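What follows is a single structure, written as structure tokens, with notes after it.
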Amino acid sequence: MDAKPKATEDLEQTDSVASETVLETEEIASILSHYDIGEIRSVRIYHRGSSRSPKALIDSGIGQLLLKRRGPGRDDPHRIFFEHAVHERLGSAGYPVAEIIRSARSQSAVMRSDSGIYELFRYVKASRCDGSHASLESCGESLAIMHDTLSGMDSNAPAVDGYHDSRKLTSALKRYARKFDSAGRDCCQFILKSAAKAAAAVDSMGWSKWPRTVMHGDWHPGNVLYGDDGKVSLVLDFDAVRIDPHVSDLAAAVLHFGRYVACRERGDESTWPVQIDHDAAASIIKGYVSASNAEIIDGLILMVIPELMIEAVVMETIPPLIRDGRFGEYEAEKFLPIVADSIRRIQQESGPLFHKMREVL
């Protein structure tokens with residue numbers, strides 16, 4: 001999958017080239033020594049997910065496990081405590097999350113070393129979404145059930161910025177634009193104006209007054225996996241949980257699953273430039289509405305989904321470009337026009353997309 005949105009904490013880092021970080025053999029051995037997991041039969045690097053959060057798949061005496069080192073900027077103790085509280089609430093309610101393996105001596109859910117902070121999970125074999133309407137409805141249903149299960153947990157939540165109206169990102173992009181020639185600056189200017197217009201539209205439709213809840217924060221096909229019955233069987237990666245209106249997660253689901261299905265239908269592995277399958281979006285909304293106990297979905301709220309998608313695309317792409325000088329395999333100069341094209345496509349399709357989603361209400 002393509003890179004996903006990250007917090008804006010490290011926007012000003014300027015690594016020239018992004019490269020995958022991997023867990024070293026001695027590092028893995030040192031961390032695993034704190035767990036009672038029996039014989040370690042094999043260890044292999046696990047390449048899925050963010051390259052900034054390296055992982056290893058462990059075949060152990062208690063089964064297959066996944067060791068993960070948290071990415072940069074994800075080491076705040078308050079934040080980690082809250083994420084684990086969210087994970088525990090969901091697990092206790094029977095929601096499909098991976099079991100966190102605790103250390104043998106202290107029963108801690110995390111291990112610390114000079115190299116970082118680590119978590120060990122039970123590995124669950126599952127599959128990606130198959131693109132069917134039933135699987136997409138299950139995606140929406142699972143998101144709604146998660147929101148309802150986490151209702152009331154926001155009192156102790158740490159402050160984490162979402163992708164809506166990120167002033168820090170806007171300031172960083174203005175400075176970043178100075179690096180380019182006129183064509184690159186024009187792209188940056190278009191992205192800035194589009195993001196600002198989208199944010200203003202969302203605010204004008206009542207963002208600050210809408211119900212808020214604990215969000216997953218990174219709801220995409222790599223984190224929402226399926227069993228053989230075509231239903232969601234595992235939800236992963238709660239590193240980006242935050243408090244926001246429900247529609248923030250819902251817009252991310254429409255963006256990431258809608259583009260994923262469009263790519264499957266084209267037989268294309270790349271999700272760029274962004275193109276949204278309207279039927280997929282409608283199926284996600286249908287599933288969410290059918291399972292949600294909250295009165296949050298109406299035509300007005302659906303109208304902001306295309307605007308939030310534009311903001312999410314900007315947050316997904318600009319921080320890596322600023323931090324690393326590239327996005328995946330794309331150099332910045334080549335990728336900025338793709339970002340701009342993606343925004344234009346969402347703008348052009350916002351009306352038909354809204355009407356398609358509105359049909360299911």
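The values are calculated or read from the model by the stated rules, or taken from the named source; none is laboratory data. In this text the structure is predicted, and so the values were computed from the model without any measurement. Quick reminder, even Gly has a Cβ in these numbers, built from the backbone with ideal geometry, and neighbours come from all protein chains shown.
Considering only residues that are closer than 19 Å to Leu57 by Cβ and surrounded by 13 or more Cβ atoms within 10 Å (Cβ to Cβ), which ones fall in segment 118-129?
Filtering segment 118-129 down to residues closer than 19 Å to Leu57 by Cβ leaves 118-128.
Tyr118, Glu119, Leu120, Phe121, Arg122, Tyr123, Val124, Ala126, Ser127, Arg128, listed by residue number.
Figure legend. Inter-residue proximity from segment 181-194: first residues under 17 Å from Arg345 (Cα atoms), second residues of a type in the set (Phe, Trp, Tyr) and surrounded by fewer than 17 Cβ atoms within 10 Å (Cβ to Cβ), beta-carbon distance below 9 Å, spacing 6+ or different chains. Indicated pairs: Cys187/Phe180; Cys188/Phe180.
Give the residue that is farthest from Val86 (Cα to Cα), with candidates limited to residues of segment 150-159 that are out of contact with any helix residue (DSSP H, G or I) (no Cβ under 7 Å at 6 or more places or on another chain) and assigned to a loop (DSSP other than H, G, I, E, B). Steps first, please.
First, the residues of segment 150-159 that are out of contact with any helix residue (DSSP H, G or I) (no Cβ under 7 Å at 6 or more places or on another chain): 151-152, 154-155, 159.
From the residues that got through so far, the ones that are assigned to a loop (DSSP other than H, G, I, E, B) too are 151-152, 159.
Numbers: Ser151: 10, Gly152: 11, Ala159: 15 Å.
Within segment 150-159, the match that is farthest from Val86 (Cα to Cα) is Ala159.
Could you tell me whether any residue of segment 130-147 is in a strand (DSSP E or B) and either over 21 Å from Thr25 (Cβ atoms) or not assigned by TED's automatic domain parsing to the domain that holds Ala280 (or both)? No, every residue in segment 130-147 fails to be in a strand (DSSP E or B) and either over 21 Å from Thr25 (Cβ atoms) or not assigned by TED's automatic domain parsing to the domain that holds Ala280 (or both).
Does Lys334 satisfy the condition of being surrounded by 19 or more Cβ atoms within 10 Å (Cβ to Cβ), charged (D, E, K, R) and in a helix (DSSP H, G or I)? Against the criterion (surrounded by 19 or more Cβ atoms within 10 Å (Cβ to Cβ), charged (D, E, K, R) and in a helix (DSSP H, G or I)), Lys334 does not qualify. Specify the residue that is modelled with the lowest pLDDT; the eligible residues are those in segment 285-331 that are surrounded by fewer than 18 Cβ atoms within 10 Å (Cβ to Cβ), small (Gly, Ala, Ser) and out of contact with any Pro (no Cβ under 9 Å at 6 or more places or on another chain). If we take residues in segment 285-331 being surrounded by fewer than 18 Cβ atoms within 10 Å (Cβ to Cβ), small (Gly, Ala, Ser) and out of contact with any Pro (no Cβ under 9 Å at 6 or more places or on another chain), then Gly299 is modelled with the lowest pLDDT.
If only one of Met205, Met153 is touching a residue at least 12 places away in the same chain (Cβ under 8 Å), among the hydrophobic types (A, V, I, L, M, F, W, C) and under 17 Å from Val97 (Cβ atoms), which one is it?
On the way: Met205 fails: under 17 Å from Val97 (Cβ atoms).
Met153 is the lone residue from the list that is touching a residue at least 12 places away in the same chain (Cβ under 8 Å), among the hydrophobic types (A, V, I, L, M, F, W, C) and under 17 Å from Val97 (Cβ atoms).
Within segment 137-175, being buried (at least 22 other Cβ atoms within 10 Å of the Cβ) and hydroxyl-bearing (Ser, Thr, Tyr) holds for Ser138, Ser142, Tyr163, Ser166. Out of the residues in segment 51-84 meeting the condition of being assigned to a loop (DSSP other than H, G, I, E, B) and of a type in the set (Gly, Ala, Ser), tell me which one is farthest from Phe121 (Cα to Cα). So, considering only residues that are assigned to a loop (DSSP other than H, G, I, E, B) and of a type in the set (Gly, Ala, Ser), the one farthest from Phe121 (Cα to Cα) is Gly73. Just wondering, is there one or more residues in segment 104-116 that are surrounded by fewer than 16 Cβ atoms within 10 Å (Cβ to Cβ), among the basic types (Lys, Arg), outside the structural domain of Asn156 (by TED's automatic domain parsing) and outside any loop (DSSP other than H, G, I, E, B)? Yes, there is a match, as at least one residue in segment 104-116 is surrounded by fewer than 16 Cβ atoms within 10 Å (Cβ to Cβ), among the basic types (Lys, Arg), outside the structural domain of Asn156 (by TED's automatic domain parsing) and outside any loop (DSSP other than H, G, I, E, B). The set of residues in segment 36-59 that are of a type in the set (S, T, N, Q) and in contact (Cβ under 8 Å) with a residue 40 or more places away in the chain comprises Ser50, Ser53. Selection within segment 332-361: residues that are β-branched (Val, Ile, Thr) and modelled with pLDDT of 95 or more. The member of this set that is nearest to Leu136 (Cα to Cα) is Ile346. Hey, among the residues in segment 50-71 that are closer than 18 Å to Glu99 by Cβ and of a type in the set (Gly, Ala, Ser), which one's surrounded by the most Cβ atoms within 10 Å (Cβ to Cβ)? Filtering segment 50-71 for residues that are closer than 18 Å to Glu99 by Cβ and of a type in the set (Gly, Ala, Ser), the one surrounded by the most Cβ atoms within 10 Å (Cβ to Cβ) comes out as Ala56.
Looking at Arg178, is it surrounded by fewer than 19 Cβ atoms within 10 Å (Cβ to Cβ) and in the same structural domain as Arg242 (by TED's automatic domain parsing)? Considered against the rule, which asks whether it is surrounded by fewer than 19 Cβ atoms within 10 Å (Cβ to Cβ) and in the same structural domain as Arg242 (by TED's automatic domain parsing), Arg178 comes out as yes. Every test in (1) out of contact with any Gly (no Cβ under 8 Å at 6 or more places or on another chain); (2) more than 17 Å from Ile338 (Cβ to Cβ); (3) among the small types (Gly, Ala, Ser); (4) at pLDDT below 95 is passed by Ala282 save one, and that test is (4).
What are the residues in segment 23-53 that are modelled with pLDDT under 90 and either of a type in the set (A, V, I, L, M) or on the phi > 0 side of the Ramachandran plot (or both), if any? The answer is Gly49, and nothing else. Scanning segment 72-88 for residues that are out of contact with any Phe, Trp or Tyr (no Cβ under 8 Å at 6 or more places or on another chain), at pLDDT 95 or above and under 24 Å from Tyr226 (Cβ atoms) turns up at least one hit. If the condition is being under 12 Å from Leu32 (Cα atoms) and touching a strand residue (DSSP E or B) at 6+ places or on another chain (Cβ under 6 Å), then segment 104-120 contributes Val110, Met111, Tyr118, Glu119, Leu120. Please enumerate the residues belonging to segment 86-137 that are of a type in the set (Gly, Ala, Ser), under 24 Å from Leu23 (Cα atoms) and more than 19 Å from the chain's Cα centre (by Cα). Scanning segment 86-137 gives Ser103, Ala104, Ser106, Ser108, Ala109, Ser113, Ser115, Gly116.
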